[in-house]
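Please read the structure below before turning to the comments.
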Protein chains: 2
Amino acid sequence: MPRWRKLGIIAGAGALPRRAADACLKRGAPFFVLRIAGVADEATADFPGAECGLAEFGKAVRLLRAEGCDAVTLAGLVRRPNFADLRPDWRGAALLPKVLAAAARGDGAILESLVDSLEAEGFIVVGAEEVADDILATAGAFGAVAPDAADFADIRKAAALIAAIGPFDAGQAAVVAGGHVLAVEAAEGTDAMLERCAGLRAEAGRAGVLVKRPKPGQELRVDLPTIGADTVRRAIAAGLKGVAVEAGLSLVLDRDAVVAAADANGLFVYGFTNREVQSP
Amino acid sequence: MPRWRKLGIIAGAGALPRRAADACLKRGAPFFVLRIAGVADEATADFPGAECGLAEFGKAVRLLRAEGCDAVTLAGLVRRPNFADLRPDWRGAALLPKVLAAAARGDGAILESLVDSLEAEGFIVVGAEEVADDILATAGAFGAVAPDAADFADIRKAAALIAAIGPFDAGQAAVVAGGHVLAVEAAEGTDAMLERCAGLRAEAGRAGVLVKRPKPGQELRVDLPTIGADTVRRAIAAGLKGVAVEAGLSLVLDRDAVVAAADANGLFVYGFTNREVQSP
């Protein structure tokens, strides 16, 4: 039994908000989708819900309360906005100094300040994986292919690198090929990072691993690293050998499609534990 | 007085090999330019020298010895090659296992193994800044504009981030804007990193600093972070406020052109000391 009566799904980009809504439908649990204007996938308009501007915090709280939501989940990607272009409502404007101060620390800090504000309004903030419990990455190989010893060395190096940049609130992803750090994610995001990898690999044949994991100490109810079939397709286009995510701390959207895309191309998709990536 | 009789300038890409040769000419010091085929700038063919394949280590040693060179400097950028495409000569092939093992640690490790091999052949390996002593970055503002307190905060954050990724032998550069890490350099290099920054800045107006510094503990005779007028122009195109390099541990090619380009666009170019970027 969930620990809330009705869930507000605050919908950013991508498929995660739909997955959360579908999970509620399947369980017959009441929900309401608050679509962020210009950001949420159009398909989320098929669910009961309403639209709200990114900085209209007052309107968002009003809508969620009117619908009887006592809990919210932040689902889907929201790119850092141009703060000068925001059109906040009155309560959004009141919140802005706090958000701007957080913005100077990083994207994770912005999300944490938003979680704080929603909790201060009395909402229970839950992680998307608590809503759709089948999307949390499991440990081990997802499909037919498993990483070999050299791949594990790349996974360990990338995982340690992401942990090392954690305090800077940069990215949650890196690509390492044969010990060589090809790319480190920052504001450009995983897709753009994968795009540049194709031209950077010195090796012939498939090489390299995309690794995603949370920053150490990050707020785990928002912004968990996420992969989907599209991530696997981009890893294939980049010529990589596999994708690895931290088990229990990453989301896998549409696991069947992820495994199908990986298996069809001989890629591995692997959920590693923190113990596995500690230095020996 | 230099501590060598005749200098071999092993010429990679960019303007640094020319600067080193010009510095020798100006002093009347004997030198010989060994141009790496397909990599060295064509203008280096105007100096006394010869051409050599990237993996022809035997030929390189023979040419340098025949010319009476007792010292060498590695000048200019060499991108990590596709090792499968290399055409090593006999001695290059003998060296390859060591280079490949180093390649699994990073680009810095490859250069270190090359320095070791050249020293084992009896050459004195000198840094380019020992040849052209006016190219080492000085401390303080280079032109008319100096960083303000917020810029210093960005410089400190980027400098600490580069230090944190040092053990992974990734990149020597990062871009931070208003506390937000826009980009972290890895195999793509500084130019490609700056190109993606233009689309990533959320702020209106100029914002952000490109910071370059060596990785902690790196071999300082090769691969010092380098900027030139072109770097400044790319920083301008990316919408940044300034460029900062570690004083005494970075190279500035054609300082007059760097200052002219920066001043014409209101950018700062700053040489910071390690003391300045320590956490307060």
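The values are calculated or read from the model by the stated rules, or taken from the named source; none is laboratory data. Since this is a predicted model, take the numbers as computed values, not measurements. Here the Cβ positions follow ideal geometry from the backbone for every residue, glycine too, while neighbour counts run over all protein chains shown. Ligands, DNA and RNA are stripped out before the accessible areas are found, and what is left, the full protein with its side chains, is counted by its heavy atoms. Shrake-Rupley method; radii C 1.70, N 1.55, O 1.52, S 1.80 Å.
Numbers for the structure displayed
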{"read-out": "Copy-to-copy label separations for B:Leu220, where each label sits 7 Å from Cα toward Cβ, in nm and ascending", "value": "4.4"}
{"read-out": "Most mobile listed residue (B:Leu25, B:Leu220, B:Leu251) in chain B, GNM with C-alpha springs under 10 Å", "value": "B:Leu25"}
{"read-out": "Most positive-pole-ward Cα, B:Ala163, B:Val243, B:Val269, against dipole of chain B from beta carbon charges", "value": "B:Ala163"}
{"read-out": "Over the protein assembly as shown: helical MRE at 222 nm, DSSP H runs n ≥ 4 each giving -39500 (n - 2.57), nearest 500", "value": "-11000 deg cm²/dmol"}
{"read-out": "B:Glu42/A:Arg79 FRET efficiency (R0 30 Å; Cβ-Cβ; nearest 0.05)", "value": "0.10"}
{"read-out": "Principal-axis tilt of helix B:57-66 within chain B, Cα atoms, nearest 10 degrees", "value": "70 degrees"}
{"read-out": "Computed over the range A:90-198, Kirkwood Rh from alpha-carbon pairs, angstrom", "value": "16.9 Å"}
{"read-out": "Charge sum, other residues only, whose C-beta stays under 14 Å from B:Glu51's C-beta, Lys/Arg counted +1 and Asp/Glu -1", "value": "-2"}
{"read-out": "Position A:Arg80, label points 7 Å along Cα→Cβ, spacing to each other copy in nm (shortest first, one decimal)", "value": "2.6"}
{"read-out": "Accessible area of the range A:93-181 belonging to carbon and sulfur atoms, whole % at 1.4 Å probe", "value": "60 percent"}
{"read-out": "Estimated buried accessible area (total), pair A and B, 1.4 Å, Å² to nearest 100", "value": "2400 Å²"}
{"read-out": "Heavy atoms of B:Glu195 accessible to a 1.4 Å probe, total area in Å² rounded to 10", "value": "130 Å²"}
{"read-out": "Size of electric dipole in the range B:90-179: Cβ of Lys, Arg +1 and of Asp, Glu -1, about Cα centre, debye, nearest 20", "value": "420 debye"}
{"read-out": "Cβ-based net charge around A:Leu16, under 14 Å, with every Lys or Arg adding one and every Asp or Glu removing one", "value": "-4"}
{"read-out": "Contour minus Cα-Cα distance for B:Thr273 and B:Ala139 (0.36 nm per residue)", "value": "47.6 nm"}
{"read-out": "Eligible lysines near B:Lys212 by straight Cα distance, threshold 18 Å, same-chain separation 8 or greater", "value": "B:Lys157, B:Lys241"}
{"read-out": "Residue-normalised accessible area of chain A, given per residue in Å² at a 1.4 Å probe", "value": "41 Å²"}
{"read-out": "7 Å along Cα→Cβ, label-point gaps from A:Ala146 to other copies, nm, shortest first", "value": "6.2"}
{"read-out": "Sequence-separation-based contact order of the range A:150-280, relative, with Cα cut under 8 Å and 6+ spacing, percent", "value": "24 percent"}
{"read-out": "Nearby lysines by direct alpha-carbon distance to B:Lys26 (threshold 23 angstrom, same-chain neighbours under 8 apart not counted)", "value": "B:Lys6"}
{"read-out": "Residue-count net charge about A:Leu267 - beta-carbon cut-off 12 Å; Lys, Arg +1, Asp, Glu -1", "value": "+2"}
{"read-out": "Dipole magnitude of the protein assembly as shown, debye to nearest 20 (Cβ charges: Lys/Arg +1, Asp/Glu -1, about Cα centre)", "value": "300 debye"}
{"read-out": "Mean separation of Cα contacts under 8 Å, 6 or more apart, over the residue count of chain A: relative contact order %", "value": "17 percent"}
{"read-out": "Of all DSSP beta bridges in the range B:1-121, antiparallel share, percent nearest 5", "value": "5 percent"}
